[in-house]
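Engineer: Following this message is one structure expressed as structure tokens.
No value in this document is a laboratory result; all are computed from the given coordinates. All figures in this text were calculated on a predicted structure; none of them were measured in a lab. Using ideal geometry, Cβ is built from the backbone for each residue, glycine included, and neighbour counts are taken over all protein chains shown.
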Amino acid sequence: KMDFLCEILQALVALAALGLIVLLIVAHVTAGMVSLLRHEKEKYFVTSSGEKEPFPSLHDPHSRELSVVIPAYNEELRMPDMKQIAHVISLPQKQSPSFTYEVIVVDDGSKDKTTEVALRYTRRYGADKVRVLTLVNNRGKGGAVRMGMLSSRGKVILMADADGATKFADLDKVEAGLKDLNPKPENMAISCGSRAHLEKESVAERSVFRTFLMYGFHFLVWFFCVRGIRDTQCGFKLFTREAALRTFSTLHVERWAFDVELLYIAQCLKIPIAEVAVNWTEIEGSKLVPFWSWLQMGRDLLFIRLRYFTGAWKLGSPHKTD
């Protein structure tokens, strides 16, 4: 009887080993390489007078104090009320007269009139302050944020969600977090807005199933990729220009789990990361479908680790976009 149990155990171990080998092979073979190629139409923005001008490159020296990148997908209805843009426009009143900034709205291949609505801000405030980058095809939130980052002029660059769930009043908090890291001499640092302090309240308001998915995702993030950051998914993150170039040039995941790979890259490169508590409000109209999106993110987390482990993905040097 004992021999029979040992044989079963050996068979299970062999089966598990075989499954792991197959998974490693699948992860390696199906790994897509990072593509920074742009469609010809994505290389230009439209000015307030309707003329086309080329976007700058993240490789260029900064010419603005702050860039704000806002990904948008099918936001035609919410865009007219987008308080994010209005808040950024009012920033110079609170800063020194020499403070310079820009907002880049990235239309992620929307099927509605998101670009047309966003261009109203360009006509109102000028293309030097508000630019619209329209992607020909939908890349996913991560892909949209990356293309916006690579087109920015800021010394520091903020990614912020279009829905305004985190208010721009919290910009001072993430800025302070960035400065506390003392990013010199390489000027590499990332300051992440965090909703971790609101977790108990959110658990009380969520269903048991969604709470289970949330904690399951947190465990997978900790187990496979990122440790020491309680909230990897808050869409309010501030980067030094150098840190943005280093991380977004390497990024592969373009959908919902891109934040995790971004922070995984940063930790592997020993880029300092701060986590700063910010206010957050639940906004209707989320594009996230709970079960399937979490399932996709769980798969992405596993493949992120496996693909870097097998060498299918590498932490390469930043290279210019075409």
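Engineer: Could you give the length gained by full extension between residue 21 and residue 314, i.e. 0.36 nm per residue of separation minus their alpha carbon distance, to one decimal place?
Structural biologist: 103.5 nm
Engineer: Would you please state which residues of region 237-273 a label at residue 299 would reach in this model, taking the label point 7 Å out along Cα→Cβ and a backbone N cut-off of under 15 Å?
Structural biologist: 253-258
Engineer: I'm checking a number: the convex hull volume of the Cα atoms of region 105-190, normalised per residue, in Å³. What is it?
Structural biologist: It comes to 116 Å³ per residue, whole-number rounded.
Engineer: Would you mind putting 53-63, 169-179 in packing order, based on average other-beta-carbon counts within 10 Å, highest first?
Structural biologist: Going from most to least packed, we get 169-179, 53-63.
Engineer: To continue, here is another question. Could you sort out which of 41/184; 52/314; 113/270; 43/314; 155/314 sit more than 32 Å apart by Cα distance in this structure? Each step should come with its number before you reach the end.
Structural biologist: Numbers: 41/184 37 Å; 52/314 36 Å; 113/270 41 Å; 43/314 27 Å; 155/314 26 Å.
Listed pairs above 32 Å: 41/184; 52/314; 113/270.
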